[in-house]
Amino acid sequence: MAFRVTIEIYSGRPNPSWMVTDPDQVQRFLRLFLRHRAGLAVTPGGLTGVDFRGMRIDFASDTAQTLGLPPTVEIAGGGAADPFASAELAEELLETMPEPAEQEETGGYGAGVLRDALRQAIQRSVREGLGGTETIEPGEPPDAELAAEVEEQLRRIELRMNACPFDTGPFEPNFWNHFAVIGRNNCYNYAVDQRTDSFAQPGWHHGYRIPRSVTCTDVRTGALRDGLRVWGNCQPAGFERHFVALATGTMADGTRDYHWWRRHREGFWGHKPGDSAARNVDYSQNLITNPFSCNRGRYTEWCGFFQSHNSVIISGPL
């Protein structure tokens, strides 16, 4: 018996994930899960934090069937009936996180740093699970000149005065939120409207790996190698020429990540934070009509608009 733990924290990069295989540990946690079922959520809780969204536990099919549990449960994500028990389970599981040399993915940062940041996020999940509030410190005020430039770009597009023709598809969250799709496709998959089931990374298919710095330049380099173009450098005739936007930011634990949005036929923008649900609202639950001025959470560094194309090929590490 064994199970996988995934920390749902990133939007673009693969989430930290590891297997718990030690027989004694597995048995101990299975007893805890059965004893504290109210701390387990079958469906994502929709935690509204700006990065941490909970911890997902994937059981082997035989293990889940034996225990009468679903194949996947979530803890500390705001969806459990008992948020206190959920938080306690999450903190216990953090102790099984291996060091970077042993684990599959933590972005190259020490497990200790990530644990400390996650403990704070887990306690926040208790408050949100009880209907409490979260305090988010204000960041740097947006660049007024850049904000005006972006607003003018969008105004011209709405008036069909845009420089490049582009294609728009309808907002289809049911497709992206299907159980077979949601966990294996991220914001980049969503932006270019391609399901790869590989948590696609900009440039991966073309031999490029985004460095740990994850700056706008780093992510843009990968996206351009995949075939996207900076907005204004029009794509040739084709289809799937989606109008997309990119931002980067620093997470609570000091690691870096990126996030993409896509404009829809209805006039608003949609996005899919990591392996969580696709949506058309920002971190304040407001409809996104401008990805620059919306509440982007920790993705505070604006990287600009891009355009996809049917010739774009993406892939990822999974």
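Throughout, read-outs are computed from the coordinates displayed, never taken from laboratory work. Just so we're clear, the structure is a prediction, and the values are computed from it rather than from any experiment. A quick note on method: Cβ atoms are made from the backbone with ideal geometry, for glycine too, and the neighbour counts reach across all protein chains shown.
Here are the numbers for the structure shown:
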read-out	value
Antiparallel bridge percentage (DSSP; both residues within the chain; nearest 5)	100 percent
Total formal charge among the other residues, if their Cβ is under 12 angstrom from that of ASP253, Lys/Arg +1 and Asp/Glu -1	+1
Share of pairwise Cα separations in the chain, more than 26 Å, in percent	46 percent
Radius 15 Å from Cβ of GLY222, net charge of other residues (Lys, Arg +1; Asp, Glu -1)	+4
Residue-wise HN-Hα coupling along the stretch 245-251, computed from phi with Karplus coefficients 6.51, -1.76, 1.60 (Hz; x: Gly, Pro)	9, 9, 9, 10, x, 10, 7
Label-to-label distance, nm, for residues given as ARG115 and ALA2 (7 Å Cα→Cβ offset)	2.2 nm
Relative packing of 225-237, 162-174, which averages over residues the other C-beta atoms within 10 Å, highest first	225-237, 162-174
FRET efficiency estimate (nearest 0.05) - Cβ-Cβ, HIS206 to ASN286, R0 35 angstrom	0.45
Cysteines, the chain, no other Cys beta-carbon under 4.7 Å	CYS187, CYS294
Extension gain, ARG195 back to THR300 (0.36 nm per residue minus Cα-Cα distance, nm)	35.1 nm
Interatomic Cα distance distribution for the stretch 144-307, bins of 10 angstrom, percent	10, 41, 39, 9, 0
Modelled FRET efficiency - R0 41 Å, LEU34 with THR217, Cβ distances, 0.05 increments	0.25
